[in-house]
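See structure below.
The values are calculated or read from the model by the stated rules, or taken from the named source; none is laboratory data. Keep in mind that this is a model prediction, so the values were computed, not measured. Virtual Cβ from ideal backbone geometry, glycine too; neighbours counted across all protein chains shown.
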Ligand SMILES: [Zn+2]
């Protein structure tokens, strides 16, 4: 496997920390960032690394000469002039392998590259982008995905004040197929992957897959971001976010727990967050709990809402949370309903399933995909189905008095705790 590191940045905003060094050589807790990246790639089996530079190229060459013991093939290529992220790669496309990773030289990451590449290959994608939610989606470029995880659009910051988007941010880590890029070599330079090349690929019908992960990857291009990332390294937060580390999670019911219960929410206009919910989720984000929504949405089977409606509803949910710096790590929904007899119902979804709560299918899927340790995790909801799914899955449960407040009478399961609403439930979780 081959990897390219785009290391052409000048690092103007980090100048005081850099002295005479180029940005890729910035000291990150005693180790130059470029060294961290190359060693991480090598440790995961990458055997060929190309570093693309154009600013202070000589300092990077010198660094490479001083580290001839990396144990992989390392080449430094000088672009000569700033060509943009995509322009720089296009200029050397003939020298690249059929498939390669692209990293940016100003990001600190601890990512399972093998799993990322495996997802790319399994989907037969032309390109795969590492995506994640962040705590400031309103001033980030956002990516739109369809139900199957394919990228359908790029929404550039600034967004319209009433825009509703899922919180999906391009983290600047890609797997790309050389042959898929060849048709786009003619774009005028400087050209940028996110701004020009990827949108052009989507328009041309190329398949770009969105790989969503909570693993650590952060831009450290300012002193404040650098200091924060070093703090995360030292505290172990970076290592704890590895997918190979068991994760603690809070499973969250949606209607009546996060947003006001309106008896079968069908349209995003009906979605309103309950008081204090965004701030409560932000506290869970900060405490390194994975926030995972698990919701029954029989309105889909009953033909009362479509997956497009559902996507708009969740875009609004993400947007409202994001305005207060909060985000969800994942969202699972059950579209099924067991009983027939509704006008307009969708026959394919009218069936018994394992995912409809209190079935544990969604929890089990989350455990598989996010490596969740149920013994460290919680379920918070407003119905006895939420309490029953917690009992079956072995999760500690908290009943909130919002929504149905446990008064639906369907299952006899008892909560471990009762809270007035999500903010108090989070108080309980953080005390334990
Ligand atoms: Zn289901």
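If you check 129, 116, which single one turns out to be under 13 Å from the mean Cα position of the chain (by Cα), modelled with pLDDT of 95 or more and outside any strand (DSSP E or B)?
Just one listed residue meets the conditions, 116.
I'm trying to understand the selection: among the residues of the stretch 343-363, which are away from the ligand (no atom under 12 Å from the Cβ), within 26 Å of the chain's Cα centre (by Cα) and not in a helix (DSSP H, G or I)?
Here is the first cut: in the stretch 343-363, the ones away from the ligand (no atom under 12 Å from the Cβ) are 343-347, 363.
Subsequent filtering for residues that are within 26 Å of the chain's Cα centre (by Cα) retains 363.
Result: no residue meets the conditions.
Which of the residues that make up the stretch 27-36 are surrounded by 20 or more Cβ atoms within 10 Å (Cβ to Cβ) and over 26 Å from the mean Cα position of the chain (by Cα)? It would help to see each step written out before you state the result.
Applying the first criterion (surrounded by 20 or more Cβ atoms within 10 Å (Cβ to Cβ)) to the stretch 27-36 yields 33-34.
None - no residue of the stretch 27-36 is surrounded by 20 or more Cβ atoms within 10 Å (Cβ to Cβ) and over 26 Å from the mean Cα position of the chain (by Cα), so the list stays empty.
Search the stretch 255-283 for residues that are at positive phi and in the same structural domain as residue 312 (by TED's automatic domain parsing) and pair each with any residue that is modelled with pLDDT of 95 or more and assigned to a strand (DSSP E or B) when their beta-carbon atoms are under 9 Å apart and the residues are at least 6 apart or on different chains.
256/381; 256/400; 263/255; 264/255
In the stretch 309-342, how many are within 16 Å of the ligand (Cβ to nearest atom), closer than 14 Å to residue 165 by Cα and surrounded by fewer than 20 Cβ atoms within 10 Å (Cβ to Cβ)?
Residues meeting the conditions: 0.
Under 6 Å between Cβ atoms, which residue pairs at least 6 apart in sequence (or on different chains) link something in the stretch 334-349 that is farther than 20 Å from residue 293 by Cα and in contact (Cβ under 8 Å) with a residue 40 or more places away in the chain with a partner that is part of a loop (DSSP other than H, G, I, E, B) and more than 12 Å from the ligand (Cβ to nearest atom)?
342/302; 344/303; 345/302; 345/303; 346/303
Could you list all residues from the stretch 183-213 that are under 30 Å from residue 244 (Cβ atoms) and in a loop (DSSP other than H, G, I, E, B)? Write out each step before concluding.
So the first thing to find is which residues in the stretch 183-213 are under 30 Å from residue 244 (Cβ atoms), and the list is 193-194, 198, 207-213.
Within the stretch 183-213, 207, 213 qualify.
So if I check each of 414, 379, which one is over 30 Å from the mean Cα position of the chain (by Cα) and away from the ligand (no atom under 16 Å from the Cβ)?
Among 414, 379, only 414 is over 30 Å from the mean Cα position of the chain (by Cα) and away from the ligand (no atom under 16 Å from the Cβ).
Considering only the stretch 343-363, state which residues are at pLDDT 95 or above and either crowded, with 18+ Cβ neighbours inside 10 Å or on the phi > 0 side of the Ramachandran plot (or both).
Passing the criteria: 355, 356, 357, 358, 359, 360, 362, 363.
Would you mind stating whether residue 400 is away from the ligand (no atom under 16 Å from the Cβ) and either surrounded by 20 or more Cβ atoms within 10 Å (Cβ to Cβ) or under 21 Å from residue 336 (Cα atoms) (or both)?
Values: away from the ligand (no atom under 16 Å from the Cβ): yes; either surrounded by 20 or more Cβ atoms within 10 Å (Cβ to Cβ) or under 21 Å from residue 336 (Cα atoms) (or both): yes.
Here the answer is yes, as residue 400 does meet what is asked.
Among the residues of the stretch 199-219, which ones are over 18 Å from the mean Cα position of the chain (by Cα) and surrounded by 21 or more Cβ atoms within 10 Å (Cβ to Cβ)? Before the answer, list the steps.
Step one: list which residues in the stretch 199-219 are over 18 Å from the mean Cα position of the chain (by Cα), which gives 199-207.
Selection gives 201 alone.
Would you mention how many residues in the stretch 373-383 are surrounded by 24 or more Cβ atoms within 10 Å (Cβ to Cβ) and under 22 Å from residue 212 (Cα atoms)?
First pass over the stretch 373-383, keeping only residues surrounded by 24 or more Cβ atoms within 10 Å (Cβ to Cβ): 377-383.
Next, from what is left, pick out any that are under 22 Å from residue 212 (Cα atoms): 377.
Total meeting the criteria: 1.
The conditions are (1) surrounded by fewer than 19 Cβ atoms within 10 Å (Cβ to Cβ); (2) part of a helix (DSSP H, G or I); (3) within 16 Å of the ligand (Cβ to nearest atom), and residue 366 fails exactly one of them. Which is it?
(1)
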